[in-house]
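Peer 1: This is the structure I want to talk about, given as structure tokens.
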Amino acid sequence: MCAPVHFDVTEKSNPWMQPNHVVDRERAVSQWRTLVDVYERLGHRVSLLDPVQGLPDMVFTANGAVVVGGRAFVARFRSATRQPESAAHQRWLESTGTYTVAMSEGIGEGEGDFLFTGRHVLAGTGFRTEHPTHLEAQEFLGYPVLSLRLVDACFYHLDTALLPLDADTIAYYPGAFSAGSRRLLERLYPDALLATAADARHFGLNAISDGHHVVIPADSTHFADRLLDRGYEPIPVDLSEFRASGGGPKCCTLELRPADGTPAG
Ligand code: ARG
């Protein structure tokens, strides 16, 4: 994770971004701190990336890489503003000595568009990550990468439209996907939890699940009830200050998966 001490909204690279919005940085830092506390209470170890002045989106560490089985596939960002973030992620991942690290050749935005389910990687394209980068990720990670086409600009990253809940289940908002991608998801996950348009607009899917606890945005109350119905324990966190940049809890969290038997760096 990366503290939002330089967080700002300076351009409009997704429909949620309000470049005129005056960021309350103190509030942003305190909301982010609460998210760190939640993870620590749940027993996760949080590693921090040093914030860099002039990189206003660096708090969204999920976009910096996708890390599976000890292999870290570092992002190449679409927007020029975010491109320097890649080097920071690459340096940090290499410094741990835990991961085999490679930078993507094509545009690929880390866990924004590559979500590991435990069996395969579900990958989004349409707005940010380019389709050929999916094959690059598959070659590097050694897991099947299944391509999904996103069609609604409000859900510009896969992690705004789909949430792996455990090894067998996902939640997703069907309206974010092309007809063919919806068919694929129905075939793979006939029992998926389907989010409504309102759930998705409250960023309910931009969440992190450990298979039982699901850390979700506090205003996503309807989706929280659906998770409860399915036996999950929703843990609401208020990250409203990041909504003006199109971000939520998942965007602020890069999950590290070392090779089996190795402690996370
Ligand atoms: N303003 C950032 C961008 O548009 C938000 C990124 C949110 N991250 C995410 N994983 N969806 O790049």
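Every number in this text was worked out from the coordinates using simple rules, so none of it is lab data. Treat the numbers as computed from the prediction; the structure is a model and nothing was measured. FYI the Cβ positions are ideal-geometry reconstructions off the backbone, even for glycines, and counts take in every protein chain you see.
Peer 1: Rounded to the nearest 20 Debye, what is the dipole magnitude of region 1-118 about its Cα centre when Lys and Arg each give +1 and Asp and Glu each give -1 at the C-beta? Before the final figure, lay out each step's value.
Peer 2: Numbers: 11 positive and 14 negative charges, 22 e Å.
That gives region 1-118 a dipole magnitude of about 100 debye.
Peer 1: Projected onto the charge dipole of region 25-245 (+1 at Lys/Arg Cβ, -1 at Asp/Glu Cβ, origin at the Cα centre), which of Asn63, Tyr232, Pro51 gives the Cα projection farthest towards the positive end?
Peer 2: Asn63
Peer 1: Right, here's the next one. Bin width 5 Å, alpha-carbon pairs only: give the P(r) of region 184-227 as whole percents, running from 0 to the bin holding the largest distance.
Peer 2: Per 5 Å bin, starting at 0, the Cα pair percentages come out as 5, 22, 29, 23, 17, 4, 0.
Peer 1: Pull up the DSSP beta bridges for the chain and report the antiparallel fraction as a percent, rounded to 5. Working shown, then result.
Peer 2: Values: 14 of 30 bridges.
Antiparallel bridges: around 45 percent, rounded to the nearest 5.
Peer 1: So, one more: Which order do the peptides 145-155, 239-249 take when ranked by the mean count of other beta-carbon atoms within 10 Å per residue, highest first?
Peer 2: Working: 145-155: 19.3, 239-249: 24.5.
The peptides rank, most packed first, as 239-249, 145-155.
Peer 1: Could you tell me the center-to-center distance, by alpha carbons, between region 108-175 and region 69-102 in angstrom?
Peer 2: 18 Å
Peer 1: Just how far, in whole angstrom, is region 1-52 from region 183-247 if you go by their alpha carbon centroids?
Peer 2: When both Cα centres are located, 19 Å separates them.
Peer 1: Would you calculate, for the chain, the mean residue ellipticity at 222 nm contributed by helices, counting each DSSP H stretch of 4 or more residues as -39,500 (n - 2.57) and dividing by all residues, to the nearest 500?
Peer 2: On the way: 6 runs with 63 residues, N = 265.
So the calculated ellipticity at 222 nm is -7000 deg cm²/dmol.
Peer 1: So how strong a dipole does the chain carry about its Cα centre when Lys and Arg Cβ are +1 and Asp and Glu Cβ are -1, to the nearest 20 debye?
Peer 2: Numbers: 23 positive and 33 negative charges, 69 e Å.
Roughly 340 debye for the chain.
Peer 1: Applying a 10 Å radius around every beta-carbon, put 72-80, 13-21 in order of their mean neighbour count, most first. Show your work: numbers first, answer last.
Peer 2: Working: 72-80: 21.2, 13-21: 14.8.
Ranked by mean Cβ neighbours within 10 Å, highest first: 72-80, 13-21.
Peer 1: While we're on this one: Project the alpha carbons of region 25-245 onto their principal axes and report the range along each, largest first, in whole Å.
Peer 2: Extents along the principal axes, in whole Å: 42, 40, 30.
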